[in-house]
Amino acid sequence: QCLLSGSWRSDTGCRMVVSVLGEDGSFSGSYLPGPAVGDYEILTSPLEGSQQDAGLAPQPIFSFTVRWQLQETARTTVFLGQCYVGTNGEETLHSLWLLREAAETPTEDWKATR
């Protein structure tokens, strides 16, 4: 069975700490990006999310949102993925993400999501 609670590190050096899951599958924690984020100084940022009931699927689907702690711009990233348990018992997260920055005008909206 795969559980999200605990510490995680990505291939790019990002770190995520997830608190104990609530009975409803909700969780919170913190996220710190790795060195590949560019020129921004990013502080540890809060995250909130939910995991599918592990009783329904031993390798559950999850989602979470990171509200970045930046002074120069507003950014939010959403992650959606699944937690897998390998044959050796090791848990691995696979996810996709979308990052949204605040746009100055509606004409700049097209470039605000990556």
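The values are calculated or read from the model by the stated rules, or taken from the named source; none is laboratory data. Quick caveat, the model's predicted, so the values are computed rather than measured. Cβ coordinates were reconstructed from backbone atoms using ideal geometry, including for glycine residues, and neighbour counts include every protein chain displayed. Surface accessibility is based on the protein's heavy atoms, side chains included, excluding ligands, DNA and RNA. Shrake-Rupley method; radii C 1.70, N 1.55, O 1.52, S 1.80 Å.
Could you tell me which numbered condition Phe27 fails, if it satisfies all but one of (1) open to solvent by 70 Å² or more (accessible area, probe 1.4 Å); (2) part of a strand (DSSP E or B); (3) touching a Gly at 6+ places or on another chain (Cβ under 6 Å)? So the condition that Phe27 fails would be (1).
Restricting attention to region 66-114, the residues that are hydroxyl-bearing (Ser, Thr, Tyr), in a loop (DSSP other than H, G, I, E, B) and open to solvent by less than 50 Å² (accessible area, probe 1.4 Å) total 1. In region 34-65, what count of residues is obtained for those that are assigned to a strand (DSSP E or B) and either open to solvent by 30 Å² or more (accessible area, probe 1.4 Å) or modelled with pLDDT of 90 or more (or both)? Selection size over region 34-65: 12. Taking into account only those residues within region 4-24 that are modelled with pLDDT of 80 or more and of a type in the set (A, V, I, L, M, F, W, C), which is most open to solvent (accessible area, probe 1.4 Å)? Step by step, filter region 4-24, then rank; the result is Val17.
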